[in-house]
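Have a look at the structure below, then the notes.
The values are calculated or read from the model by the stated rules, or taken from the named source; none is laboratory data. All values reported here derive from a predicted model rather than from experimental measurement. Virtual Cβ from ideal backbone geometry, glycine too; neighbours counted across all protein chains shown. Accessible surface is based on the protein model in full, side chains and every heavy atom, while ligands, DNA and RNA are left aside. Shrake-Rupley method; radii C 1.70, N 1.55, O 1.52, S 1.80 Å.
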Amino acid sequence: MMTFEDVMEQYEPMISASLRKLNIHRNHDSFRQAGRVALWQAWNRFDVAKGNFTPFAYRSIRGGMLDELKKENVFEENIVLIEDESLAYLIESEITVQHEALNRLSDALDVLTPDEQELIDWLFIEGYTLTECAERIGITVEGVRKRRYRSLEKLRRVLT
């Protein structure tokens with residue numbers, strides 16, 4: 001039986017031919033590597049009883065390169081290159097939107113009583129549990145739930 005190095009040397013022209021047939025003109029190294037990996041997988045999976053290795057290798061190499069093309073296309077669809085000026089504008093507009101949202105939230109929190117503000121701070125800023133808040137205030141967990149619900153309802157009315 002041949003070693004994989006011998007197989008790869010024998011089928012390297014097939015990998016190059018597949019690159020040409022698929023009209024791949026960029027990133028040759030990554031597509032060539034995808035073809036080699038596909039050849040290695042084909043070499044490991046091949047069963048002599050099922051036929052000749054050459055057509056199986058060709059389909060595997062071509063399939064590996066097509067998979068790589070699909071990955072590259074998905075990447076290009078989801079990633080957009082942005083010029084420095086555009087990026088700076090987007091960052092500035094995002095910061096402005098965040099400041100406006102924080103100002104609205106700050107104004108909405110002024111509607112709450114000091115006790116309600118403290119509860120919201122404990123729950124959502126400091127991350128205390130309902131049980132911990134109940135122990136701090138000296139009421140039941142259900143009482144804390146009701147206060148939280150009423151406070152959030154006030155905030156919803158103000159923010160919408």
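Laid out as a table, the results:
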read-out	value
Of residues in region 1-34 being closer than 17 Å to residue 60 by Cβ and part of a loop (DSSP other than H, G, I, E, B), the one nearest to the chain's Cα centre (by Cα)	24
Which listed residue is at pLDDT below 90 and open to solvent by 70 Å² or more (accessible area, probe 1.4 Å), from 140, 160	160
Top-ranked residue in region 101-116 [being open to solvent by less than 70 Å² (accessible area, probe 1.4 Å) and free of Cβ contacts under 8 Å to residues at least 12 places away in the same chain; ranked as nearest to residue 153 (Cα to Cα)]	113
Matching residues, region 41-66, being surrounded by 13 or more Cβ atoms within 10 Å (Cβ to Cβ) and either closer than 19 Å to residue 5 by Cα or charged (D, E, K, R) (or both)	41, 42, 43, 46, 53, 56, 57, 58, 60, 61, 62, 64
Residue under evaluation residue 135, criteria (1) surrounded by 12 or more Cβ atoms within 10 Å (Cβ to Cβ); (2) touching a helix residue (DSSP H, G or I) at 6+ places or on another chain (Cβ under 7 Å), criterion not met	(2)
Test: residue in region 126-134 that is of a type in the set (Val, Ile, Thr) and touching a Ser or Thr at 6+ places or on another chain (Cβ under 8 Å)	no
Verdict on residue 72 being open to solvent by 100 Å² or more (accessible area, probe 1.4 Å) and among the acidic types (Asp, Glu)	no
